[in-house]
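Q: Submitted below is the structure of interest, expressed as structure tokens.
The values are calculated or read from the model by the stated rules, or taken from the named source; none is laboratory data. Fair warning: this is a prediction, and the values are worked out from it, not measured in the lab. Cβ sites come from the backbone with ideal geometry, for glycine too, and all protein chains shown count toward neighbours.
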Amino acid sequence: MASDTPLVPDVGVLALVPDTWGGPWQPRHHVLTRLANVFPVVWVNPAPYWRSLLPGTPSDDWGFDFDGSTPPGFRTYTPEVWLPEMYRPPAVARWMRRERLRRARRMLERQGCRKTILYLWRPEHERALDLVEHDLSCYHIDDEYSFSPIEQPLSALEAALIRRVDQVFIHSQGLLDKKGHLNPQTRYMPNGVDYQRYTTPCPEPEDLAKVPRPRIGYVGLIKPQLDLALLQDLAGRHPTWAFVLVGPPPEKEPLASRVRQLGAMPNVHLLGPKPVSALPAYVQHLDVCLLCYGMDDYTKYIYPMKLHEYLATGRPVVGMPIRSLQRFDDVIALARTPAEWSAAIAAALEPEARSPGRIAARRAVAQEHDWEHIVREISCTMADRLGPSYRERLERARPPGPPKTAFRQ
């Protein structure tokens, strides 16, 4: 779908995100880079808090990339050093926020945009609704932002934002049930996969080639929601299986110590962070892929992005029966106890699990969730909300796409 000019070049997207461009890829990276083929997009890097600008303060430099390029319609705005985030005095803090947004919006205007879509990705961006001119406001919910393993009520700030915006996108059925009733203009929009990238055969990475088979692996951020005790138990039960974790190691304790303890086991291999463009090769050369999340009041709301990435490679998948995975029990195995996990992984290592029919079934589900298709739905919804003429323009400019899919809920 990529082109030199966005399909609707006079409508710009001002995207307020929680992280600076260049970190590990999340749904917002996939959505906004593809949306830039439809509308010009400005990714607004968060302003650093003023104290972080003091000499000697470390800065985040993830060193991640995709393939070294972004669509021509995609830009990033980094706030000037004299416009940091601050909270006091309130009048000055508000002026600085308004000025940052004005400068980011000016980037769209210089590209010829006459209308602005304000695309918000966190509850704290609610105040932007009153600080910058816009023609349409959208809020994309891709997580439970309390991040608490114990159920928390919906915050007043997020509830207010959901009610105020013109359009809401929600990525899991659990979150839809909790928050979807607050705004009648709410659409379920699941996570997806770069289907072509994950189905295109890749050479075996050198560091992974040194790991003996069978390889049982997880590819993604190593975070508190992973059941590391389960992995340690499985590695102890099955010394002839190699357990592989590909992703940035945690820095905070006690999680960092638990990961180091796991990595000290002879059949556990921590391969560290990789560029986003390299991840398909690691998944393709595993024997079984893991979605080993704990079961709590946070994970019942998540929709793992790696689900469809795994499925696109055709590899067998074993996961915990969290809510979003239960809907895919026809193409993945679900297990709770270590004994169930052992049996499910052993079954996934059998030749039948890698039969052409089983591989095709997994890939068919992943293809339904191609990011291109998901972003097509998002852009059509935005065009509809702007008015019939914008939807008509979009349909005329865009090549025919796949038929609309009823995503599993």
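Q: Let me spell it out: the conditions are (1) of a type outside the set (D, E, K, R); (2) surrounded by 15 or more Cβ atoms within 10 Å (Cβ to Cβ); (3) closer than 28 Å to residue 202 by Cα; (4) touching a Gly at 6+ places or on another chain (Cβ under 9 Å), and residue 335 meets all of them except one. Which number is the exception?
A: Result: residue 335 passes all but (3).
Q: For residue 210, work out the one condition from (1) surrounded by fewer than 13 Cβ atoms within 10 Å (Cβ to Cβ); (2) touching a His at 6+ places or on another chain (Cβ under 7 Å) it doesn't fulfil.
A: (2)
Q: With over 18 Å from residue 283 (Cβ atoms), among the small types (Gly, Ala, Ser), modelled with pLDDT of 95 or more and buried (at least 18 other Cβ atoms within 10 Å of the Cβ) as the only criterion, which of 229, 235 stands out?
A: When all the criteria are applied, what remains is 235.
Q: Just to be sure before I move on: is residue 198 in a helix (DSSP H, G or I), under 23 Å from the mean Cα position of the chain (by Cα) and in contact (Cβ under 8 Å) with a residue 60 or more places away in the chain in the structure I sent?
A: yes
Q: Could I ask something else about it? Tell me the residue from 211, 259 that is out of contact with any Cys (no Cβ under 8 Å at 6 or more places or on another chain), in a loop (DSSP other than H, G, I, E, B), at pLDDT 95 or above and over 23 Å from residue 29 (Cα atoms), please.
A: 211
Q: Assuming residue 278 fulfils every condition listed in (1) within 17 Å of the chain's Cα centre (by Cα); (2) aliphatic (A, V, I, L, M); (3) crowded, with 22+ Cβ neighbours inside 10 Å apart from one, which condition is it?
A: Evaluating residue 278 over (1) within 17 Å of the chain's Cα centre (by Cα); (2) aliphatic (A, V, I, L, M); (3) crowded, with 22+ Cβ neighbours inside 10 Å leaves (3) as the failure.
Q: Of the residues in the stretch 135-146, how many are in a loop (DSSP other than H, G, I, E, B) and crowded, with 20+ Cβ neighbours inside 10 Å?
A: Counting residues in the stretch 135-146 that are in a loop (DSSP other than H, G, I, E, B) and crowded, with 20+ Cβ neighbours inside 10 Å gives 2.
Q: Identify, from the list 265, 305, the residue that is aliphatic (A, V, I, L, M) and more than 22 Å from residue 359 (Cα to Cα).
A: 265
Q: Then there is this: Could you check the stretch 238-258 and list, in sequence order, the residues that are buried (at least 16 other Cβ atoms within 10 Å of the Cβ), among the aliphatic types (A, V, I, L, M) and farther than 24 Å from residue 339 by Cβ?
A: Matches in the stretch 238-258: 246, 255.
Q: How many residues does the stretch 104-123 contain that are in a helix (DSSP H, G or I) and surrounded by fewer than 15 Cβ atoms within 10 Å (Cβ to Cβ)?
A: Residues in the stretch 104-123 being in a helix (DSSP H, G or I) and surrounded by fewer than 15 Cβ atoms within 10 Å (Cβ to Cβ): 3 in total.
Q: Considering each of 197, 237, 187 in turn, give the residue that is within 24 Å of residue 277 (Cα to Cα) and of a type outside the set (A, V, I, L, M).
A: That would be 197, the only listed residue that is within 24 Å of residue 277 (Cα to Cα) and of a type outside the set (A, V, I, L, M).
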